[in-house]
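Heads up: the structure comes next, in structure tokens.
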Amino acid sequence: MNHYVVTETAVIDAPLGRVWDVISRTDRYAEWVAGAIEVTDHHGVATVGKTYAERNRTLGPLKTDSVWTVREIEPLKRRVDTGTGFAPLQDVTNTFEFRPVQSPDGRDTTEMTYQVEYTIPLGPLGLLLDSIQQPAMRAGMRTSMANLNTLIRSEDSGTGRR
Amino acid sequence: MTDTQSTAAADHRGSRTTDVVVIGAGLAGLTAARELVAAGKSVAVLEARDRVGGRLLNHDLGDGQVTEVGGQFVGPTQDHILALAKEVGVATYQAAVPGETVYVNDGRAKRFTGHTPPDLFALPDMGIALARIGQAAAKVNPAAPWQTPDARELDGMTYETWLRKAEITGDAVDMINLFLNSAYGGEARDASALFSLWYVSTFGNETNPGTMERGTGTTGGAQDSRFVGGSQLVAQRLAEELDGRVHLSAPVRRISQDSTGVTVVSDAGDWRADRVIVAVPPLVASRIVWDPLLPAQQDQLFQRLPFGTLMKCVAVYDKPFWREDGLSGMGLLRGGSPIREMFDNTPPDGGPGVLMGFLGGKEWRKWAHRPAAERRGAVLRCFAQVVGDRAFDTIDYVEQDWTAEQWTQGGPTSVAAPGVLTDFGQWMGRPHGHVHWAGAEFSPYWNGYMDGAVRSGRTAAAELLDRD
Ligand SMILES: Cc1cc2nc3c(=O)[nH]c(=O)nc-3n(C[C@H](O)[C@H](O)[C@H](O)COP(=O)(O)OP(=O)(O)OC[C@H]3O[C@@H](n4cnc5c(N)ncnc54)[C@H](O)[C@@H]3O)c2cc1C
């Protein structure tokens, strides 16, 4: 059983509360999570123990239906969900962590750490598979955080913030 | 005076009298009124809103500049609106801005010039689709689509079903939906195949048969030109000419008729007339109280001609910055994107910069109920895919949701589902006693467009004068 942990970090150019509000909305993942084509079922603001479902793009043209369960919420700090439907990836755990940081010019911004943990059974083949999928997953996580940054910027534009 | 006439007159004491009441001060009603006044009739135009123009609406940008949040484009073969605008002194200008168009598929943006989006997968299919649509639309008589060979079969399925039956695959259907998103405020699955082929057959005039290319085209097509001062100016000029005959804030609630004439009950008082022209959207007309009732078939038809779901989203910038980057501001965005089609809507003298996108059909259904800030963000992200991140630096942002307008109830026009045209279509323009019909939805050419509205106004006036 091969266990993997993939972590990416980025700074979102918005105050922590604003970032938290957006990532807490289970109906909004298709708007910023790379590869989430559509949220097919959701429960609004994330609640521990409840689920939401997505249609995701996996490798190439392949699509999959995934179901996520919200496991932990530490308001404004940490959010942990587990997901099914990503075969051959198993035991998928998704963690978001946040920390307020000041930008060099004194704006309130947010450091976001995006972590995905999973196992791939299949022994050596699993290793091979991971060497193909992990770079794409990392790129997707970076894109997602860039998308989140753009989403918040787009909603706050024209309100005099910039 | 006969007995019945004196009774009718007594019933209607206190009501104003006129030869003709025209209901609705959109292009159709105003055109009809103009023709009738020219023929020597006394006319009262009753308009529900506190403004004229109906589906034409200018948005004030300040400094005497406007941009349109309703209908705006005109083009070749739309002879009636073009001639009318000229008569009332409203000039046109070329809508297209020099520069490259951007095609966005799956989040990836590609610049291109000309009419053909750079998509190797969609193109061959699109070619087949256009050829099939062209052949089938050529068999439709724009004045009587129910007489088309195989009319019942074509009217028994949605346009999407017909396209897929013709082996047109997902990519091309999505490209057609891109056009229908603004043209129907819907998509191919909302409309009957017969209705859609008929709609294409109306993109022309008596000498130039309708084609899909003319309907979807920018330069040389239906999106060729715009009006200096905004399209609503045409309606405003017509109303000025009518010199006090247009009564605003006068929604008509009830229309009663007997052998001697018609009584029209509005919030601004009652009118008694020999004849009436109703120039309001079909579904809105079916909600007026009719005494006697409309013929049931006609009422059923009007109930089955709802407008699509369409909103215009407009972002204003200090200048049209994308032009410096060699971009036309026009974007075509494939499925999944809230905005499917966008244009540079900057006033003709070059400032301020305006981008306009259609949020229609399925996308409207997904986004209309979302919080305004979230919707605006989604719209600006689409604009940014086409013109870059400066799209976020707006000085103003405006939305016009036509579904929220009581006197329009959707946009841009009526879309008929399967079964409507063949079962009820023939009832479309039939006079109901002393009542005649006008409106863009009553025209055999450019149905649902400004040109269709003007044509219908002229036809209704001529029909009325003919019966006198
Ligand atoms: C977003 C959008 C984009 C469009 N783009 C284009 C385009 O680019 N080119 C083009 O050619 N066309 C376009 N159109 C369509 C075009 O605007 C219409 O076809 C045309 O303006 C219709 O004119 P009309 O007089 O038939 O109807 P309307 O403009 O709908 O006028 C009907 C009038 O009747 C009034 N009314 C309704 N009920 C009552 C009542 N009970 N009593 C009194 N008054 C009443 C209404 O207030 C309205 O003023 C667009 C439409 C929309 C909504």
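The values are calculated or read from the model by the stated rules, or taken from the named source; none is laboratory data. Predicted model only: the values in this text are computed from it and were never measured. We place every Cβ from the backbone using ideal geometry, glycine too, and count neighbours over all the protein chains shown.
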**Prompt:** Across region B:436-450, which residue is nearest to the ligand (Cβ to nearest atom) among those that are more than 12 Å from the chain's Cα centre (by Cα) and either within 20 Å of B:Asp79 (Cβ to Cβ) or surrounded by fewer than 24 Cβ atoms within 10 Å (Cβ to Cβ) (or both)?
**Reply:** B:Ala438
**Message:** Given the options A:Thr159, A:Thr150, A:Thr143, name the one that is modelled with pLDDT under 95 and within 14 Å of another protein chain (Cβ to nearest Cβ).
**Reply:** A:Thr159
**Prompt:** Could we say that A:Thr113 is of a type in the set (Val, Ile, Thr) and either touching an Asp or Glu at 6+ places or on another chain (Cβ under 7 Å) or more than 29 Å from A:Val70 (Cβ to Cβ) (or both) here?
**Reply:** yes
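Give the residues of region B:217-232 that are within 13 Å of the ligand (Cβ to nearest atom) and at pLDDT 95 or above, sorted by residue number. Can you show your working first?
As a first pass, look at region B:217-232 and keep what is within 13 Å of the ligand (Cβ to nearest atom): B:217-218, B:221-227, B:230-232.
Passing the criteria: B:Gly221, B:Ala222, B:Gln223, B:Asp224, B:Ser225, B:Arg226, B:Phe227, B:Gly230, B:Ser231, B:Gln232.
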**Asked** Which residues, counting only those in region A:24-53, are away from chain B (no Cβ under 14 Å) and not small (Gly, Ala, Ser)?
**Response** A:Thr26, A:Asp41, A:His43, A:Thr47, A:Val48, A:Lys50, A:Thr51, A:Tyr52
**Message:** Six or more apart or on different chains, Cβ atoms under 6 Å: show the pairs whose first residue is in region B:373-394 and more than 7 Å from chain A (Cβ to nearest Cβ) and whose second is among the aromatic types (Phe, Trp, Tyr) and in a helix (DSSP H, G or I).
**Reply:** B:Arg375/B:Trp367; B:Val387/B:Trp322; B:Arg390/B:Phe321; B:Ala391/B:Phe383
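Which of the helices (runs of 4 or more DSSP H) contained wholly in region B:321-432 include at least 2 residues that are more than 16 Å from the ligand (Cβ to nearest atom) and surrounded by 18 or more Cβ atoms within 10 Å (Cβ to Cβ)? Quick ask: steps written out before the conclusion?
Working: elements: B:361-367, B:372-387, B:420-424.
Per the criteria, B:372-387, B:420-424.
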**Asked** Hey, among A:Thr26, A:Thr40, A:Thr7, which residue is without any contact (Cβ under 8 Å) to a residue 40 or more places away in the chain and under 17 Å from the mean Cα position of the chain (by Cα)?
**Response** A:Thr40
**Request:** Evaluate the following for A:Thr119: is it of a type outside the set (A, V, I, L, M, F, W, C) and touching a His at 6+ places or on another chain (Cβ under 8 Å)?
**Result:** yes
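Which of the residues belonging to region B:156-172 are surrounded by 22 or more Cβ atoms within 10 Å (Cβ to Cβ) and part of a helix (DSSP H, G or I)? Before the answer, list the steps.
Taking region B:156-172 and keeping what is surrounded by 22 or more Cβ atoms within 10 Å (Cβ to Cβ), we get B:159, B:162-163, B:168, B:172.
Matches in region B:156-172: B:Tyr159, B:Trp162, B:Leu163, B:Ala172.
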**Request:** Specify the residue that is farthest from A:Leu122 (Cα to Cα); the eligible residues are those in region A:4-18 that are at pLDDT 95 or above and among the hydroxyl-bearing types (Ser, Thr, Tyr).
**Result:** A:Thr9
**Residues of region A:10-23 classified as away from chain B (no Cβ under 14 Å) and free of Cβ contacts under 8 Å to residues at least 40 places away in the same chain, total** = 0
**Prompt:** Does region B:156-190 hold any residues that are within 25 Å of B:Met330 (Cα to Cα), of a type in the set (Gly, Ala, Ser) and at pLDDT below 95, and which are they?
**Reply:** B:Gly170, B:Ala172
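What do you reckon, is A:Glu72 out of contact with any Gly (no Cβ under 8 Å at 6 or more places or on another chain), at pLDDT 95 or above and farther than 29 Å from B:Gly107 by Cα? If you could, list the steps in order and put the result at the bottom.
Numbers: out of contact with any Gly (no Cβ under 8 Å at 6 or more places or on another chain): yes; at pLDDT 95 or above: yes; farther than 29 Å from B:Gly107 by Cα: yes.
Here the answer is yes, as A:Glu72 does meet what is asked.
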**Fill in**
When every residue in region B:44-68 that is surrounded by fewer than 24 Cβ atoms within 10 Å (Cβ to Cβ) and β-branched (Val, Ile, Thr) is compared, the one farthest from the ligand (Cβ to nearest atom) is B:Val66
**Prompt:** Assuming B:Ala453 fulfils every condition listed in (1) farther than 23 Å from B:Asp291 by Cα; (2) among the aliphatic types (A, V, I, L, M); (3) assigned to a helix (DSSP H, G or I); (4) more than 7 Å from the ligand (Cβ to nearest atom) apart from one, which condition is it?
**Reply:** (4)
